[in-house]
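Right, one structure below, let's go through it.
The values are calculated or read from the model by the stated rules, or taken from the named source; none is laboratory data. This is a predicted model, so every value here is computed, not measured. Cβ coordinates were reconstructed from backbone atoms using ideal geometry, including for glycine residues, and neighbour counts include every protein chain displayed. Surface areas here come from the heavy atoms of the whole protein model, side chains and all, with no ligands, DNA or RNA. Shrake-Rupley method; radii C 1.70, N 1.55, O 1.52, S 1.80 Å.
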Amino acid sequence: MVIFKRVVAAMLMVLVVSVARAELVVEVTQGVEAPTSVAVVPFGNDTGQALPEDVAAIVQQDLGRSGFFQPMLRDNMLGFPTRSEDIFFRDWRLAKMDYVIIGRARAQDDGQIRIEFELHDVLREQAMLSEQVTTARDNLRDAAHLVADRLFERLTGLKGAFSTRIVYVTAEQLGPKRQRFRLQMADWDGARARTILESSEPILSPVWSMDGSKLAYVSFETGKPSIYVQYLASGRRERIQSFPGLNGAPAWSPDGNQLALVLSRDGNPEVYVLDLRSRQLQRITRHYGIDTEPSWSPDGRSLIFTSDRGGQPQIYQLDLASRDLKRLTFQGNYNARGRLTQDGRFLAMVHRSGGGGNGFDIAVQDLKTDRVDVLTQSAMAESPSIAPNGSVVIYATQEGTKGVLAAVSLDGRVQFRMPAVSGDVREPAWSPYLR
Amino acid sequence: METRSYIIPFILALGVHAGALVLLGTHWVDQEATPQRMTPRHIEAQMIDLTALAQRQAEKERAAREQARAEEQARAAERRRMQQAEDKRRQALERRKAKAEAERKAKAEAERERRQALARQREAEQKRKAEEAAKRKAAAEEQKRKAQEQARREAAEAKRKAEAAARAEAERQRQQARADAELERALARERQAREAAARRASESVVGDMQSYITSMLQDSWRIPSTARNGMEAVVAIHFLPSGEVDQAYIHTSSGNAAFDNSAVQAVYRVKVFPRFSQVDPVLFERRLRKLLVKFRPEGLRW
C-alpha cells in the first residue's frame with residue numbers, strides 16, 4: 001500500500017515536472033527605437049598607392065543616410081583594425097557599437113583593386129559577412145556602393161539601394177530669356193552627376209522604366225510638350241505621342257509595356273494609359289476636375305493619381321480591372337504626387353496640413369493604418385521619389401530662392417541635402433534596382 | 001503522556017534484573033569462599049610430622065638401649081673376670097636385670113603400642129575430619145545446586161517477566177507506530193501544503209524573473225527601422241546560473257533579418273542578468289535555465 005502510494009506520488013511528481021518543463025515565455029513589446037549603431041573602420045590600403053576614393057567613408061555615408069544606421073564618427077574610434085584578429089570587441093562594445101565593419105584594398109596582378117570587407121557582430125563577437133569586390137581603380141565609388149549594398153542587405157534583410165541612380169532636371173539662367181535645361185543622372189548620393197540631355201526648353205517629369213534601361217520625360221523642345229523615351233545605353237530617343245494641349249506626367253507600368261500619362265486634349269487633364277506595343281490609348285479618368293500625376297501600383301493592377309474632384313487636391317486609387325475608385329488621403333487640405341513603396345504599403349506624397357500658413361511637406365501615409373507622418377519641415381517640398389527598397393524618399397525643395405535636392409529616410413530620422421549643383425534642381429526620380 | 005506507561009515497566013524490569021543479579025551474586029561469592037577456607041585445614045590434618053617424631057623417639061631409645069647393653073656386657077665381663085663368686089649374685093642380678101629389662105622392654109612395647117594407638121586414633125580422627133569436610137563440601141555443593149536452581153527459577157521468572165514486558169513493549173510500540181503513522185500522514189499533508197506554498201512561491205519568483213527579464217530586454221532592445229507592428233521573433237536564451245547568457249539564438253524568425261538580429265542582440269547587449277544568481281538553483285534548473293523571449297513590438301509608428 002505504501003509502495004503503491006509512493007509510486008503514485010512519483011508519477012504525479014513526473015507529471016508536475018513535465019508540465020513545468022514547458023518553456024517559459026517572456027514577452028518584450030517595448031524597446032528603444034534607434035538606428036543600429038555601426039562602426040565603419042577606415043579600410044586598410046595594401047595597394048602601395050593612395051586610392052582616389054575613401055571606400056569606408058562612402059560605405060559609412062551610405063549606411064548612415066539610409067536612416068537604418070547610426071555610424072560611429074572616426075574621431076571617436078579607439079583603433080583602426082583592418083583584420084578580424086585585430087578587433088577588440090570589448091572596446092567596440094564599450095563604444096556601444098552593435099556592428100563593426102573592417103576592410104582592406106589590395107592590388108591585383110591585372111591592375112584591378114580587390115576590396116575585402118568583413119562585418120562583425122560586436123555583441124556576439126562573431127563574423128557575419130566576409131566578402132570581396134574587385135573593381136577598376138577609377139571605379140572605386142561603384143565598388144564602395146556595392147560593399148554598402150551587401151552590408152545593408154546582410155544587416156536589414158532588405159536589398160541595398162546604394163548602387164541605384166537618380167535623375168533630375170536642372171535649370172540655369174544663362175542670360176535674359178536664355179535658359180539651359182539639363183536632364184542629369186547621378187549616384188543616389190548625388191555624386192558623379194552627368195548630363196543625359198541638354199535643352200534650351202524646359203524638361204519635365206523624368207521617370208524610369210522598371211527595368212532601369214530607359215527614361216520617359218516631357219520636353220518642350222518642339223515648342224509644345226511632348227513625351228519622349230530615351231534609352232540610356234545608346235542615348236537613342238523617341239517621341240512617343242503628341243496630342244493637342246497638355247502632354248505630361250508619364251509613368252511606366254511595372255511590366256514596361258504601358259505608359260500612364262496625362263492629356264488635356266478633351267478639355268481638362270485626364271489620365272490615360274498608352275499601350276506601347278499597340279499604341280492604343282485608353283482613357284482612365286472621366287471627371288471635370290483635374291486628374292493628374294498618375295503612378296502605378298507595384299502590382300500593376302491599379303493607378304494612383306491626384307485629383308481635385310473633391311474640391312482640393314487629394315490622392316485616389318483606381319482599380320484598372322473593376323474601375324473602382326477609392327480616395328486614399330483624408331488628412332490635410334493638399335495631398336499630391338503620390339508614390340507607392342515597392343511593397344505597396346506606404347504612400348509618399350506632397351502634403352499640406354490644414355490650418356493655413358503651412359507650407360508643402362513630404363509626408364508618408366501607412367495605407368494599412370492610414371497614419372500620416374510628415375517627414376520634412378520644408379516649406380516648398382515637391383516631387384517625392386522613393387528608393388526601390390523604400391528606405392529613403394528624395395524630393396526637391398527650395399533653399400533660399402534656389403531649388404535643391406534633399407532626401408529623408410522613410411521614418412524621418414535622417415535628412416540630408418544632395419551636393420549642390422549649378423542652377424535650380426527639380427523633379428528627381430529614383431531609379432529601380434539596376435543590377 | 002505516553003512516556004509514563006513506558007517508564008513503569010522499565011523500572012520494574014530493571015528491579016527484577018537487579019534482584020536476580022544480587023541473589024546470584026551472593027551465592028557465587030559463598031561458593032568461591034568455602035573451598036578456599038577448607039583446603040588449608042585438610043592439609044594440616046595430614047600431619048606426617050607425628051609419625052616422624054614417634055620413629056625418632058624409638059630410634060633414640062633403641063640407641064640408648066644399645067649403649068646400655070654394651071656397657072652391661074663390659075661390666076659383666078669385668079665382673080666375670082674379677083669375681084667368679086659373685087656369679088650367683090651376678091646371675092641373680094642378671095635375672096633381676098633381665099627381669100627389669102623385660103619389664104622395661106614390655107613398658108617400651110606398651111609405650112609403642114600406646115603411641116601407635118594414638119597415631120591410629122589420630123588417623124581415624126583425620127579421616128573423620130576429611131569425611132566431615134567431604135560431607136560439608138557435598139552439602140555446600142547441594143546448597144550451590146539449590147542456589148543455582150533458585151537462580152534458574154528466578155532467571156526463568158525474570159525471563160517470563162521480561163517477555164511480558166517485551167510483549168507490553170511490542171504492544172506499546174505498535175500503538176506508537178500507529179501514532180507515528182498518523183503523525184506521518186499529518187506531516188505529509190503539511191508537507192504537501194508546504195510544497196504547494198513553495199510552488200506558489202516559485203511561481204511568484206518565476207513571475208518576478210519574467211518581469212525582470214522583460215524590463216532588462218526592453219531597455220536593451222534597439223528596434224530597427226525595418227520593424228513593424230505585428231512582427232514577432234522568438235529568441236531562445238540559455239542562461240548560466242550566474243545569470244550570464246550562455247547562448248541566444250532565433251527560435252522562430254520574424255522573417256526580417258534586421259528584426260531577428262536586433263532581438264538576439266538585445267539579449268547579448270544585456271549579457272548578464274545578475275538577479276539570476278539570487279534564484280534557488282533547483283528552481284533555476286527547472287524553470288529558468290532556458291527561456292523563450294518573444295519580441296513583439298507594440299506602438300511602433302508602423
Let me spell it out: the conditions are (1) open to solvent by less than 30 Å² (accessible area, probe 1.4 Å); (2) within 14 Å of chain B (Cβ to nearest Cβ), and A:GLU153 meets all of them except one. Which number is the exception? (1)
Strands (runs of 3 or more DSSP E) within segment A:23-133 that include 2 or more residues out of contact with any Lys or Arg (no Cβ under 8 Å at 6 or more places or on another chain) and among the acidic types (Asp, Glu): A:113-121
Would you point out the residue of segment A:97-143, among those that are of a type in the set (Ser, Thr, Tyr) and open to solvent by 40 Å² or more (accessible area, probe 1.4 Å), that is farthest from the other protein chains (Cβ to nearest Cβ)? A:THR134
If you check B:ALA197 against the conditions, is it of a type outside the set (Ser, Thr, Tyr), more than 13 Å from chain A (Cβ to nearest Cβ) and either in contact with a strand residue (DSSP E or B) (Cβ under 6 Å, 6 or more places away or on another chain) or in a helix (DSSP H, G or I) (or both)? yes
Limited to segment B:224-280, what total is found for residues that are open to solvent by less than 40 Å² (accessible area, probe 1.4 Å) and part of a strand (DSSP E or B)? 8
How many residues of segment A:313-372 are of a type in the set (Lys, Arg) and outside any loop (DSSP other than H, G, I, E, B)? The answer is 6
Flag if B:LEU12 is at pLDDT 80 or above and surrounded by 11 or more Cβ atoms within 10 Å (Cβ to Cβ): yes
Selection count where residues are touching a helix residue (DSSP H, G or I) at 6+ places or on another chain (Cβ under 8 Å) and farther than 25 Å from B:GLN73 by Cβ, scope segment B:85-115: 1
Return only the number of the condition from (1) open to solvent by 20 Å² or more (accessible area, probe 1.4 Å); (2) modelled with pLDDT of 95 or more that A:SER18 does not satisfy. (2)
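Conditions tested, residue by residue: (1) surrounded by 14 or more Cβ atoms within 10 Å (Cβ to Cβ); (2) modelled with pLDDT of 90 or more.
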| site | (1), (2) |
| --- | --- |
| B:ALA77 | no, no |
| B:GLU113 | no, no |
| B:ALA124 | no, yes |
| B:GLN143 | yes, yes |
| B:ALA165 | yes, yes |
| B:ALA177 | no, yes |
Return yes or no: is A:PHE305 open to solvent by 60 Å² or more (accessible area, probe 1.4 Å) and away from every other protein chain (no Cβ under 14 Å)? no
Give all pairs with beta carbons closer than 7 Å in which a residue from segment B:130-154 that is farther than 28 Å from B:GLY19 by Cα meets a residue that is surrounded by 12 or more Cβ atoms within 10 Å (Cβ to Cβ); count only pairs at least 6 apart in sequence or on separate chains. B:ALA130/B:HIS42; B:ALA130/B:ALA45; B:ALA133/B:MET38; B:ALA133/B:HIS42
Options A:ALA396, A:ALA420; residue that is small (Gly, Ala, Ser) and part of a strand (DSSP E or B): A:ALA396
Test set (1) closer than 20 Å to A:ASP46 by Cβ; (2) among the small types (Gly, Ala, Ser); (3) within 14 Å of another protein chain (Cβ to nearest Cβ) - A:ALA161 fails condition number: (1)
For segment A:333-351, does any single residue satisfy the condition of being small (Gly, Ala, Ser) and free of Cβ contacts under 8 Å to residues at least 12 places away in the same chain? no
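Suppose we keep only residues that are part of a helix (DSSP H, G or I) and either open to solvent by 50 Å² or more (accessible area, probe 1.4 Å) or among the charged types (D, E, K, R) (or both) within segment B:281-302. Which one would you say is farthest from the other protein chains (Cβ to nearest Cβ)? Talk me through it step by step, then tell me what you get.
So in segment B:281-302, the residues part of a helix (DSSP H, G or I) come out as B:281-288.
When the remaining residues are screened for being either open to solvent by 50 Å² or more (accessible area, probe 1.4 Å) or among the charged types (D, E, K, R) (or both), the result is B:281-282, B:285-287.
Numbers: B:PRO281: 15, B:VAL282: 11, B:GLU285: 11, B:ARG286: 6, B:ARG287: 6 Å.
Going through the qualifying residues, I end up with B:PRO281.
Just to check your reading of the model, which residue among B:ALA227, B:ALA266 is in contact with a Pro (Cβ under 9 Å, 6 or more places away or on another chain), aliphatic (A, V, I, L, M) and either within 10 Å of chain A (Cβ to nearest Cβ) or more than 30 Å from A:SER66 (Cβ to Cβ) (or both)?
Numbers: B:ALA266 fails: in contact with a Pro (Cβ under 9 Å, 6 or more places away or on another chain).
When all the criteria are applied, what remains is B:ALA227.
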Regarding A:THR376, is this residue out of contact with any Lys or Arg (no Cβ under 7 Å at 6 or more places or on another chain), without any contact (Cβ under 8 Å) to a residue 24 or more places away in the chain and either in a loop (DSSP other than H, G, I, E, B) or on the phi < 0 side of the Ramachandran plot (or both)? no
So which of A:GLN60, A:GLN70 ends up being crowded, with 18+ Cβ neighbours inside 10 Å, away from every other protein chain (no Cβ under 14 Å) and at pLDDT 90 or above? A:GLN60
Say we look at segment B:208-219 and pick out the residues that are more than 8 Å from chain A (Cβ to nearest Cβ) and over 60 Å from the mean Cα position of the chain (by Cα); which of these is surrounded by the most Cβ atoms within 10 Å (Cβ to Cβ)? B:MET216
For B:ALA181, the lone unmet condition from (1) facing chain A (nearest Cβ under 10 Å); (2) under 29 Å from A:GLN30 (Cα atoms) is (2)
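Mind listing whichever residues of segment B:79-88 are assigned to a helix (DSSP H, G or I) and modelled with pLDDT of 75 or more?
The answer is B:ARG79, B:ARG80, B:ARG81, B:MET82, B:LYS88.
Results for (1) away from chain B (no Cβ under 14 Å); (2) of a type outside the set (A, V, I, L, M); (3) open to solvent by 10 Å² or more (accessible area, probe 1.4 Å), shown as yes or no for each residue.
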residue: A:GLY289; (1), (2), (3): yes, yes, no
residue: A:ARG309; (1), (2), (3): yes, yes, yes
residue: A:GLY332; (1), (2), (3): yes, yes, yes
residue: A:GLY338; (1), (2), (3): yes, yes, no
residue: A:ARG352; (1), (2), (3): yes, yes, yes
residue: A:VAL364; (1), (2), (3): no, no, no
residue: A:THR376; (1), (2), (3): yes, yes, no
residue: A:TYR395; (1), (2), (3): yes, yes, no
Only residues in segment B:112-125 that are part of a helix (DSSP H, G or I) count as the first member; pair them with residues that are at pLDDT below 90, Cβ under 7 angstrom, at least 6 apart or cross-chain, and list the lot. B:ARG112/B:ALA58; B:ARG115/B:ALA54; B:ALA119/B:LEU50; B:ALA119/B:THR51; B:ALA119/B:ALA54; B:ARG122/B:LEU50
Checked against (1) in contact with an Asp or Glu (Cβ under 9 Å, 6 or more places away or on another chain); (2) open to solvent by less than 20 Å² (accessible area, probe 1.4 Å); (3) hydroxyl-bearing (Ser, Thr, Tyr); (4) in a strand (DSSP E or B), A:TYR272 satisfies every condition except (1)
